[in-house]
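Working notes, structure below.
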Amino acid sequence: MPYSTGCIINSFGVYLKMKFFLLIASTILLSSFVEDKLHPAVSAKVNGFTGERLDASYNNRILAQDVDKLVSAFKTRTETRCWQTEFWGKWFTSAVLAYRYRPEPRLKEVLDHAVTGILSTQTADGYIGNYAPANRLQQWDIWGRKYVMLGLLDYYDLTGDKKSLTAAGKVADHLILELGEKGLLIVKMGNHRGMAASSVLEPICRLYARTKNKKYMAFADEIVREWETPQGPQLISKAEIDVAKRFPKAVNNWFGWDQGQKAYEMMSCYEGLLEYYRLTGEEKYKHAVEATWENIRTTEINVAGSGAAIECWFGGAHLQTAPIHHYQETCVTATWIKLSQQLLRLTGEAKYADAIEQTFYNALLGAMTTDGAGWAKYTPLYGQRLKGSEQCGMGLNCCEASGPRGLFTLPLTVAMSGKEGVSVNFFTEGASVLKTPSGQQVTIQQHTDYPVTGKIAISVQLPKAEEMILRVRIPAWSETSTLTVNGAAIAAVTPGTYVEIKRTWVNGDAVELQLDMRGRVEALGTTPKYVSISRGPILLARDARLPGPEIGAIVRPITDKGKYITLTLKDVNKAGIWMQFDALCMPESYAEGAIKPVPLSLCDYASAGNGASLPMFRVWMPQLLDPKDL
């Protein structure tokens, strides 16, 4: 029921009095919170190539941001349609993640300054934003308020600063009052069937979890109720429907209210629904997110781990071999990682870590410039990596603000703790410090150059022996893996699962994992047919800078049993390319006799086209059509 004062409600959306509504909502007292299966590490250090990427973004994007520029957008309240107010919150939440990873005083000073700046713009009624009074609640106004609250809540969680929590509450109070006084449905505000505005569910749930103030739970209840009305995006009832087919395609109003396929905003709502599930324990909400996640993975996510065109779902998984307009927005890429991280924390299931790894190493790192300072707005599978344009006069665009939000989810989730032990989710050179079930500190040390090779050495360092479970993820792509503890083989190493090793662990115990790093060829389509090549979690691509046949030439990879291909590692970290391989292929030929194979040079997708010269690159390679196969 909507949150209004002095209005009457009926079944068609007119309103009850706010006092009565809150009285009803307050009866829905929460008996417990749903606890996540996995919890982030206390601290972590990531070395190697991944660590270099994190450091580059930390130094050249996070610390380089002009914070006063972000705050200045809130000082003049004349906006009518743009989204300047998202940038402070996006940058700030990524900066908090970066600080949790590398808690350096210089970044803490920047965070403190950013909060002081944003709090100075809060009006007496609680508003933090830049919209003109006559345009409040419209377009991206509520979306911007969401990001302000997320940033303030992150700062409170980091520091315990009550002023930031109070300020976030005042932003929420003002929003609730405004909607109520005007008798408005939040799902009719802004764009994309209210998904942009109603994604405010996430900070509202977090506010309730921290304050136990029932009005925030009442507001969360109302948002979820409105989702399922005819005016809403129906994110729960349509969870079993393809995300690209839930509503008619809004060709004539692509970025307006009618567009119900907007990828980033939809996933942001589902992040909020998971927070709501944590408060309520209602399984239908968790199921809606899980079903939608699975649908996105099946119908939208490409071999680089992302998707969406012109920022919307379009059933793109089976269309990914074609050149696609404005493909794979970095905001979508980062939010897919964030949603998958939420589900990994909640469930501990390996498929979510598999998805994060695929996206992180390919679509996400591929969007990041080599110096870490910039991010591409769109990253195709064929073409060039072109810089996106500035937005709203802010000196950056939404994707440059979003990229680090996905990047810095990784360090403290490389290894995570749970009630029964610890989980190794990702493989990087470095160490994670966690708590064991008994509360003592354990360090999970990894020595590896993964994914250059598939050998990972893990050591367990803890003060006293303790019985617990060590879970080690076996990626779904690794068909043949070996795992040992102190040299003794572990049986039943199954792809796409965690191997759970229960024993009394002592300081210095050694775990070794060898993953299957054979090259894999994936085919898509029939007429025409295309193939791509991957190795481990890494998608490979052709790049115009590399030697061999012209990038437009037709080549057929020589495979073993139609799936595996021999890849020879040529160079690592050379000339701006992380990994370069050679593979034998058969070139197109008009000769009648036999032809000889030629070497095909490939590099990792993140490096492909990622250079100052903006070289052409391609992932999917077209194959000759043979009439005998028709």
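Some observations on this one:
- Qualifying positions in region 180-202 - assigned to a helix (DSSP H, G or I) and over 19 Å from Ile236 (Cα atoms): Gly180, Glu181, Lys182
- Some residue of region 611-624 being in a loop (DSSP other than H, G, I, E, B), at positive phi and modelled with pLDDT under 95: yes
- Near pairs, Cβ below 7 angstrom, 6+ apart or cross-chain, from region 146-161 (closer than 14 Å to Val110 by Cα) to any residue that is assigned to a loop (DSSP other than H, G, I, E, B): Tyr155/Asp161
- A residue that is within 28 Å of Asn573 (Cβ to Cβ) and either of a type in the set (Gly, Ala, Ser) or modelled with pLDDT of 95 or more (or both) occurs somewhere in region 482-492.
- All positions within region 240-272 that are more than 22 Å from the chain's Cα centre (by Cα) and outside any loop (DSSP other than H, G, I, E, B): Val251, Asn252, Asn253
- Among residues that are surrounded by fewer than 17 Cβ atoms within 10 Å (Cβ to Cβ) and among the hydrophobic types (A, V, I, L, M, F, W, C), Ala132 is included.
- Any hit, region 271-293, residues being more than 24 Å from Gly180 (Cα to Cα), touching a Gly at 6+ places or on another chain (Cβ under 7 Å) and crowded, with 20+ Cβ neighbours inside 10 Å: no
- Test: residue in region 346-364 that is farther than 24 Å from Tyr498 by Cα and in a helix (DSSP H, G or I): yes
- Hits in region 341-350 - residues which are closer than 20 Å to Ser268 by Cα and of a type outside the set (A, V, I, L, M, F, W, C): Gln341, Gln342, Arg345, Thr347
- Residue that is more than 26 Å from the chain's Cα centre (by Cα), farther than 30 Å from Tyr378 by Cα and buried (at least 17 other Cβ atoms within 10 Å of the Cβ), where the choices are Leu434, Leu462, Leu470: Leu462
- Any hit, region 237-256, residues being touching a residue at least 12 places away in the same chain (Cβ under 8 Å), in contact with a helix residue (DSSP H, G or I) (Cβ under 7 Å, 6 or more places away or on another chain) and surrounded by fewer than 20 Cβ atoms within 10 Å (Cβ to Cβ): yes
- Among the residues making up region 202-220, those that are in contact (Cβ under 8 Å) with a residue 24 or more places away in the chain and surrounded by fewer than 21 Cβ atoms within 10 Å (Cβ to Cβ) are Ala209, Arg210, Thr211, Asn213, Lys214.
- From the list Ser306, Ser340, the one residue that fits, being in a loop (DSSP other than H, G, I, E, B) and either of a type in the set (Lys, Arg) or closer than 29 Å to Ser417 by Cα (or both), is Ser306.
- Out of Ser534, Ser607, one residue alone is touching a Lys or Arg at 6+ places or on another chain (Cβ under 6 Å), under 29 Å from Val424 (Cα atoms) and modelled with pLDDT of 95 or more. It is Ser534.
- When region 399-416 is filtered for residues that are in contact with a helix residue (DSSP H, G or I) (Cβ under 8 Å, 6 or more places away or on another chain) and over 22 Å from Thr85 (Cβ atoms), the ones remaining, listed by number, are Leu407, Thr409, Leu410, Pro411, Leu412, Thr413, Met416.
- Being over 24 Å from Arg77 (Cβ atoms), over 25 Å from the mean Cα position of the chain (by Cα) and not β-branched (Val, Ile, Thr) holds for only one residue in Asp173, Asp157, Asp161, and it is Asp161.
- Neighbours by Cβ (under 9 Å, 6+ apart or cross-chain): first from region 497-509, of a type outside the set (Lys, Arg); second modelled with pLDDT under 95: Val499/Ala492
- Thr428 fulfils the conditions (1) among the hydroxyl-bearing types (Ser, Thr, Tyr); (2) buried (at least 16 other Cβ atoms within 10 Å of the Cβ); (3) in contact with a Lys or Arg (Cβ under 8 Å, 6 or more places away or on another chain) except for a single criterion, (3).
- Residues in region 273-287 that are part of a loop (DSSP other than H, G, I, E, B) and among the charged types (D, E, K, R): Glu282 only.
- Entry remark, region 257-270: residues being crowded, with 23+ Cβ neighbours inside 10 Å and either out of contact with any helix residue (DSSP H, G or I) (no Cβ under 7 Å at 6 or more places or on another chain) or modelled with pLDDT under 95 (or both) number 2 in total.
- Taking (1) outside any helix (DSSP H, G or I); (2) in contact (Cβ under 8 Å) with a residue 40 or more places away in the chain in turn, His325 satisfies each apart from (2).
- When Gly307, Gly281, Gly272 are checked against the criterion of being touching a residue at least 60 places away in the same chain (Cβ under 8 Å) and under 24 Å from Trp140 (Cα atoms), Gly272 stands alone in meeting it.
- Among the residues listed as Ser164, Ser198, the single one being surrounded by 21 or more Cβ atoms within 10 Å (Cβ to Cβ) and outside the structural domain of Thr80 (by TED's automatic domain parsing): Ser198
- Taking the listed residues Ile296, Ile301, the one that is part of a loop (DSSP other than H, G, I, E, B), in contact (Cβ under 8 Å) with a residue 40 or more places away in the chain and within 20 Å of Glu357 (Cβ to Cβ) is Ile301, with no other qualifying.
- Residues in region 486-510 that are surrounded by 18 or more Cβ atoms within 10 Å (Cβ to Cβ) and either acidic (Asp, Glu) or not assigned by TED's automatic domain parsing to the domain that holds Ala476 (or both): Asp509 only.
- Where strands (runs of 3 or more DSSP E) fall wholly inside region 485-542, the ranges with 1 or more residues that are hydroxyl-bearing (Ser, Thr, Tyr) are 497-505, 530-535.
- Looking only at region 390-414, residues that are more than 14 Å from Ala56 (Cα to Cα) and either in contact with a Leu (Cβ under 6 Å, 6 or more places away or on another chain) or of a type in the set (Phe, Trp, Tyr) (or both) come to 1 in all.
The values are calculated or read from the model by the stated rules, or taken from the named source; none is laboratory data. Predicted, not measured: the structure shown is a model, and the values here were computed from it. Heads up, the Cβs are rebuilt from the backbone with ideal geometry, glycines too, and the neighbour counts pull from every protein chain shown.
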